[in-house]
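Heads up: the structure comes next, in structure tokens.
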Amino acid sequence: MTTVFKKIIDRQIPAEIVYEDDQALVFKDIRPQAPVHLIVIPKKEIPTVNDMTEADEALVGHLFVVMKKVAQQLNLAGGYRVVTNCGPDAGQEVMHLHFHMLAGRTFGWPPG
């Protein structure tokens with residue numbers, strides 16, 4: 001089954017893209033939970049954190065470098081939160097590895 005994120009990668013459905021390179025895509029969440037709420041995905045289809053292999057190590061590291069670049073581009077100097085969910089019990093709705101970048105407000109701890 002093709003996920004909504006794969007359809008965004010393939011430009012079958014629109015998204016407000018803020019960053020793209022050959023390995024990653026960053027776009028605005030359609031149901032934001034903060035003033036800035038971005039979704040960071042690899043273009044490679046990996047369903048969950050549990051489906052990653054050692055071969056994906058560089059790719060996942062690249063996603064974090066992308067988040068740093070996007071944070072600088074958007075001037076998120078006050079900080080931001082990075083969240084990922086693994087599986088339905090954790091709230092993962094789209095089975096394509098992704099990270100939420102949240103910013104623009106103060107966050108509490110613990111989350112959830």
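Condition check: open to solvent by 50 Å² or more (accessible area, probe 1.4 Å) and of a type outside the set (D, E, K, R). Does Pro35 satisfy that? Criteria met by Pro35.
Restricting the stretch 1-26 to residues that are within 21 Å of Cys86 (Cβ to Cβ) and of a type outside the set (Val, Ile, Thr), the residue that is modelled with the lowest pLDDT is Met1.
Could you tell me which residue of the stretch 1-15 is surrounded by the fewest Cβ atoms within 10 Å (Cβ to Cβ), considering only residues that are within 17 Å of Gln92 (Cβ to Cβ) and in contact with a strand residue (DSSP E or B) (Cβ under 8 Å, 6 or more places away or on another chain)? Only one residue tops the list, namely Ile8.
Listed by position, the strands (runs of 3 or more DSSP E) inside the stretch 1-47 whose residues that are closer than 28 Å to Phe107 by Cβ and either among the hydrophobic types (A, V, I, L, M, F, W, C) or in contact with a Ser or Thr (Cβ under 6 Å, 6 or more places away or on another chain) (or both) number at least 3 are 24-28, 36-42.
The set of residues in the stretch 77-112 that are at pLDDT 95 or above, open to solvent by 70 Å² or more (accessible area, probe 1.4 Å) and either of a type in the set (A, V, I, L, M, F, W, C) or part of a strand (DSSP E or B) (or both) contains only Met95. Being over 22 Å from Trp109 (Cα atoms), surrounded by 12 or more Cβ atoms within 10 Å (Cβ to Cβ) and small (Gly, Ala, Ser): is that true of Ala71 here? Criteria not met by Ala71.
The values are calculated or read from the model by the stated rules, or taken from the named source; none is laboratory data. None of the values given here were measured: they were computed from a predicted structure. For neighbour counting, all protein chains shown are included, and Cβ atoms are generated from backbone atoms with ideal geometry for every residue, glycine included. In case anyone asks, the SASA skips ligands and DNA or RNA and just uses the protein heavy atoms, side chains included. Shrake-Rupley method; radii C 1.70, N 1.55, O 1.52, S 1.80 Å.
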